[in-house]
Amino acid sequence: MRNTKSFELVFSAALLAGLFVSACAPQAVTPTPDTIGTVVAQLAADMLTQTAGAVTSTPLPPTETPTLAVTDTPTPTVDPSQINPPRVIAQTGCWTGPGDSYTLISNIELNVKGRKNVVILGMGSVPGWVVIRNPYFNNPCWVPLEVMEIDPRTDLTVFPVMTPGP
């Protein structure tokens, strides 16, 4: 029985020594996959092996280059911020349509400089009338064109023609 115990001790010591030696020995490093490098390399390889599109046998249509005649002059573009705002320059009423036969919404009072800036909404269907945003109630109202000061650079053709309400 003593021999069995000795054998177990020697075997255990040898086993521990073997584990110790293997734990202290340099280990081979197993490389981890480089996912980003692999994707980049694959993308580069794909880009290098791609071919250009096939040449079409149908020619592209020619493009026209407009030429200015001697009499043509380009229309200068006007910066909207440089245009003076429309103004009412005389005391007037603001009606639901063109004139006294329509309901008076308000009177337009002028400031100390004798004018009131307004916003044009449209041109009246009756000549000589402009539809503006009422400066007090923000609803549309009609004023005579003769009491308006409109910058000559303002393009009045861009405004809709408006008809009076009932």
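Below 8 Å between Cα atoms, with a sequence gap of 6+, how large is the relative contact order for segment 81-159 in percent?
Values: 154 pairs, mean separation 27.4, N = 79.
Result for segment 81-159 is 35 percent.
Which cross-chain or sequence-distant (5 or more) residues have an amide H under 5 Å from the amide H of residue 162, H modelled 1.01 Å from N in plane?
Result for residue 162 returns 123, 124, 125.
Quick one: if you stick a label point 7 Å off each Cα along the C-beta vector at residue 36 and residue 101, how many nm between them?
A separation of 8.1 nm, rounded to one decimal place.
Label-point separation (nm) for residue 139 and residue 115, each offset 7 Å from Cα along Cα-to-Cβ?
2.8 nm
Each value in this text was obtained by applying a stated rule to the coordinates, not by laboratory testing. Remember, it's a predicted structure, so these values are computed and weren't measured experimentally. Every residue, glycine as well, gets a Cβ built from its backbone with ideal geometry; the counts of neighbours run over all protein chains shown.
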